[in-house]
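Everything below concerns the one structure shown next.
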Amino acid sequence: MPWKGISDPYKIWVSEIILQQTKVEQGEKYYVAFVKKYPNVADLANANQEELYALWQGLGYYNRCKNMMLAAKEIMHSHGGKFPNTYAEILSLKGIGAYTAAAISSFAFHQPYAVVDGNVVRVLSRVFAVKDSFHTAKGKLAFQLLAQSLLSKKEPSAYNQAIMDLGALICRPKNPNCQECPFQKNCKAYLADEINIYPTKKTKLVIKERFLHFFLFEDKHHLYITKRTGNDIWRNLFTFFSIESDNAEKVEFPNDIKIVHSVEPQVISQLLTHQKITGIFHHCKTNPQIIAKLNLIQIKKNALSQFAFPRLLISFLEKNNYL
DNA sequence: AAAGCGGGGCT
DNA sequence: AGCCCAGCTTT
């Protein structure tokens, strides 16, 4: 790598920013071009923004170079053009977070700050069987403290480089080379044969789409409803008799329920935290046998407000002037 | 805590 | 098509 052995904090900074969310192979030529066109902080601070963006073209995350220029100007104005050498000052620069501040202060200034990036998280989570996700505040703190406690205070630079290399080359995301890993005998994940569950993923919010077909039974003065039970949404609330389907068009309904085909079913959706509920309201022909068979509750239309309905039902009732 | 920000490689 | 990756800022 072209930045190998470099001690200039500016060039280390450039390399670290380029490598954020970017593969080494992809970033290399950008790094070479960048330090050639802008060899130092002053050059970057005085850069033409159009040219800077042009140089960055294809690399993505364009705020990275925008922030670098802002930071370069800040270094010129507040630090006399000399790259700051304390963690706090480095961290305060635009576009530099905990990882990059630790990387620069350890690599350029040999200060004892442990880097925590994706590689480090992977290594530590496996070796120490850390199940907290780095994407939570708790997990972030846990990995930060653990990494800092392991850091070699004598050679923070070598330590940081080593643990990231271990993550990149041996303790890889897929097919880690545990046979050649120096920590094989100490790795809790390996010993438990649980390499594949680490690092714990961010729990992505999956919005499940559900289709509830409601069957509306009524007569002149009454509606027929049911109380929802079971471990599902709207427990203990009242709705029309319903059947769930995997689509809005078709539903398997009992043979003895007669849909009023002259009335198109009404469709209303409601977005919940984890579910998108689509209600399809079918107007049905009512007869006493079905009411009894489905064990429906007869309520007076002028007493609807005494019952707790889900919002989706309220919407339907309001739209149709029941409420 | 979650969204937004690019692009490329991998499955 | 979805997931992941040497992150940070804004909301």
Q. What angle, in degrees between 0 and 90 and rounded to the nearest 10, separates the Cα long axis of helix A:137-150 from the longest principal axis of the Cα atoms of chain A?
A. 30 degrees
(Q) Using Cα springs under 10 Å in a Gaussian network model of chain A, which residue among A:59, A:312, A:91 shows the largest mean-square fluctuation? (A) A:312
Q) Taking the Cα atoms only, what angle lies between the long axis of helix A:24-37 and the longest principal axis of chain A, rounded to 10 degrees? A) 50 degrees
Q) Hey, what's chain A come to in accessible area per residue, 1.4 Å probe, Å²? A) 57 Å²
Q) Pick from A:17, A:280, A:163: which residue has the top mean-square fluctuation in a GNM of chain A where Cα pairs under 10 Å get a spring? A) A:280
Q) Over the alpha carbons of chain A, what is the largest minus smallest coordinate on each principal axis, giving the biggest first in Å? A) 87, 53, 32
Q. Add -39500 (n - 2.57) for each DSSP H run of 4 or more in chain A, then divide by its residues: what number comes out at 222 nm, to the nearest 500 deg cm²/dmol?
A. -10500 deg cm²/dmol
Q. Hey, what did region A:1-56 get for relative contact order, percent, Cα under 8 Å, at least 6 apart?
A. 33 percent
Q) What angle do you read, to the nearest 10 degrees and between 0 and 90, between the alpha-carbon axis of helix A:9-18 and the longest principal axis of chain A? A) 30 degrees
Q: Let me have the relative contact order for chain A, percent, based on Cα pairs under 8 Å that are six or more residues apart.
A: 12 percent
Q | Within a Gaussian network of chain A (alpha carbon springs, distance under 10 Å), most fluctuating of A:264, A:155, A:89 | A | A:264
Q) Accessible surface of residue A:1 in the full protein assembly, 1.4 angstrom probe, to the nearest 10 Å²? A) 120 Å²
Q | Carbon plus sulfur fraction of accessible area for chain A, probe 1.4 Å, in percent | A | 53 percent
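The values are calculated or read from the model by the stated rules, or taken from the named source; none is laboratory data. Owing to the predicted nature of the structure, the values given are computational and were not obtained by experimental measurement. We work out accessible area using only protein heavy atoms, side chains counted, and drop any ligands, DNA or RNA first. Shrake-Rupley method; radii C 1.70, N 1.55, O 1.52, S 1.80 Å.
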